[in-house]
Structures are given as C-alpha cells and as structure tokens.
1. Eigenvalues of the Cα gyration tensor times 5, then square-rooted: what semi-axes does that give for region 217-278, in whole angstrom, largest first?
2. Dipole of region 35-397, Cα-centred, from +1 at each Lys and Arg C-beta and -1 at each Asp and Glu C-beta, to the nearest 20 debye?
3. What whole-number distance in Å separates the alpha-carbon centres of region 37-89 and region 342-401?
4. Straight-line reach from LYS209: which lysines have Cα under 26 Å away, leaving out those fewer than 8 places along the same chain?
5. With a ≥ b ≥ c taken as the square roots of the eigenvalues of the C-alpha gyration tensor of region 140-229, please select rounded if a/c is under 1.5 and otherwise prolate if a/b is larger than b/c or oblate if it is not?
6. May I ask you to order 66-73, 199-206, 234-241, 120-127 by the average number of other C-beta atoms within 10 Å around their residues, highest value first?
7. For region 268-370, what class follows from the C-alpha gyration tensor (a ≥ b ≥ c being the square roots of its eigenvalues): rounded when a/c is under 1.5, otherwise prolate if a/b is larger than b/c, else oblate?
8. Using per-residue counts of other Cβ atoms within 10 Å, averaged over each peptide, order 144-151, 104-111, 166-173 from highest down.
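Laboratory data are not the source of any read-out in this text; all were calculated from the coordinates shown. No experiment lies behind these values; they were computed from the predicted model shown. Every residue, glycine as well, gets a Cβ built from its backbone with ideal geometry; the counts of neighbours run over all protein chains shown.
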Amino acid sequence: MTLRIPSARPLALLALAACAALYGCSSTPGGGGQRQLMLVANDEKQSWNDAGAVQLAPHGRDSVQILDIGSDPLAPRSVGTLALDNTIAGPPTNLAITADERLALVANSLNVVEENGVRRQVPDNRLFVIDLAATPPKLIDTVLVGKQPSGLSINRAGTLALVANRADNSISVLRIAGQKVTLIDTVAMGESVSHVRFTPDGRRALATKFPNHKVALLEVDGEKVVYNKVDLAAGLWPYNVDVTPDGKLALTADNGNSGASDGQIDTVSVIDLEAQPPRVIDKVVVGDGPEGLAVSPTGKLAVAVILRGSNSAKNAYFYNRSGSVVALRIDGKKVTRGNEVIVRGLPEGAVFSADGRYLYVGNFIDQDISILRVDGDTLVDTGKSFSLGGHPAAMRGRVTH
C-alpha cells in the first residue's frame, strides 16, 4: 500500500500561528509579515556643544513617530507622526504601548521656557493618550499626572498604568478602560523615582529611586497600588528597570553618574524576585553610563545601552563618538556579560522585536535607529539603520511580558 506522509507546510503554519498568538512571532522566514508597532519620541529642544554643555532650543518641534517593525524587520515602515512635546531628560521609557497595540501613552517630563533671554527647563505634568487603532494614529486625550512624569509602565492586561513623577516624588496610578485613561490614585514614594515597571503577572511593580541608589517594591491588588517601604540596594544611580518574562528576575541599569557618563565603570544589578524577601543577588559590569535597558521576550537575553561619553566634552578622556550595546545572557538566575556592539552617537532606547530576533537602538545625536540581529546569545550588527524625523529620546514596543 502507499503510505501518505502529511505535508509539513500545514504543520508549520499551525506552529507559526500558535507562536504568533502567544509571542507575536513573525509569519515569514525573514521575520516579517505581522505588524508590530514601536513608538519613537523625538526631542528637538536639547543638544550639547563641544564642551559637553547643554544647549536649549524653543519647544514646538518635538514629535512622536509610530513605526511598524514587524512587516519587514530590516526596513521599519512609518505608520504616522504626531507633533507632541517630549524630552530626553530621564530614562528612555516615558512611553508605552498596550499589548493589543490599540493604545499608547507618552509622558512629557520637561518644557523649555524663556525668561529675560535665558532658556531653562521646567517640569511638565502631561500624559498624552494616542489611539493606535485609528488610521493614521491620533491624539485622543491629555491626562494631567504628577510633576516631571518620566518612566512608565502598562500592565500586560492593559487595564492599569503607572507613571514615575521625578519632581513630585510620587507614582501616578491610571485606570485604562478601552480608550479612556483616568488618574485614580497617587502613591507617595518619599524621594524621586525615575522609572516604574510592572511584573508580568501585574501583582507587583518595581520603581527606581534614582538619587538614593535603591529600588522600591510596590504591591498591586486590582487597582490598588501600595508602597510598604520595602527598598533594595541597587548600584549607583539606578535609572531604568526591566523584568524577565517569567517574573523571576529584574534588572536595573545603574547609570553611575546621575544620568551621564563620567569615565568610570558601571553595572547592571540582578534582583531575585522569587527570594523571600526579594534581593539583589549580583551585579554585572557593563560599561560607562548604562541608560537604555531591555529584556528580550525570549527571556534568554537582555541588553544594556551604554552612553560611553558620547555627549560629553570632546576633550574629556572618556569621550567616544559612539555609544554601544552590551548583551547580557540570562541562564536561570545567572546573568553574564556577552558581546558588545558599537552603535552611534548617544544611544538611548532599545526595543526587541516580538520574536526576540532583532534589536532596535535609537541614536539621539545621529537621528537614526541601528538594527541589530540576535544570533543565539550574541548581538550582530546588520549594518542597516533607519533615519528618523528627529532625535530619538525614547523608544518602546508593545507590552510582551
């Protein structure tokens, strides 16, 4: 008799469909085929001169770009651009996209004002709500939160958001109901916080207490967020925090010098969230000035984005024209330093593709995005980049974990 062997194609399609449903995997061998959105916030007010001093331009030229990095991972496609205020001050996490990619939040931390011919920055308190389902995406609301809203996070369910308010020493709690975003509570933190990140189950959050080198633990019960004064000692100036997809580890980017390079080596702290109580269990040396930080949706890799003095005085001994990205291998609760890839000037935000195969890094000075490929636990420069309509101060993809 003739034995019929089932075609592998239907099985492959079923596997891809299951992968896409669970993890947002791509439907074509090249990694494309399914839309995946990424937000890029461009700050056109702040720059640095050759002496490393900040220069301020008038506000009014900032923008938020919405890009599709899923259809063709090596050639992001513009979905829309909105004229919205934004600033590079703070970690590059002041924006977020819900897991269903229907809504986005963008916080504006600082505004530029001019008095007697002198420009200076003052805290803002606006959170922009963007309808991503509209064609093109559009601004649908502006919510007032605390002063100098910075790093923020949306839970995986898409029902709650937290915003770290640096100038108010607080965290804003916001309900998300469809397209309606409402401020429902404010949690006093006792000191300045730069970023806040939900755990994947949505039952806890971590907030970086930047000036005092700590990470605060928050308990989340429904819409109630409580800070029980539990702090962990991280490295110097923890600016940014992310969590692995299994919720077992958190990583912090310990900037080392209040948001800037200083020529000295800095670390990523490793927090064991399963321990009772949770605690810092390791510190991994990464380079001078880690700021951007992202954990891959695979849970096997993370990256620290290193400033390397790329916006410092050109005569500083630690000045480099370009920053870099350092790979961090995750094996259970052991995190080790992998390879380092040089990108371009003043790299800030980092976003993984939903399948973890590509990494996008925004270079503020060069107004573009470097596209890296993930080969196992190694980062590979594809040699490709994508030009932007401004200077990328922050970048974020959709909530994957």
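1. 25, 13, 11
2. Roughly 220 debye, rounded to the nearest 20.
3. Rounded to whole Å, the Cα centres lie 13 Å apart.
4. Partners within reach: LYS147, LYS224, LYS229, LYS248, LYS283, LYS333, LYS334.
5. Note, shape of region 140-229 comes out oblate.
6. Going by the mean number of other Cβ atoms within 10 Å, highest first, we get 234-241, 66-73, 199-206, 120-127.
7. oblate
8. 104-111, 144-151, 166-173
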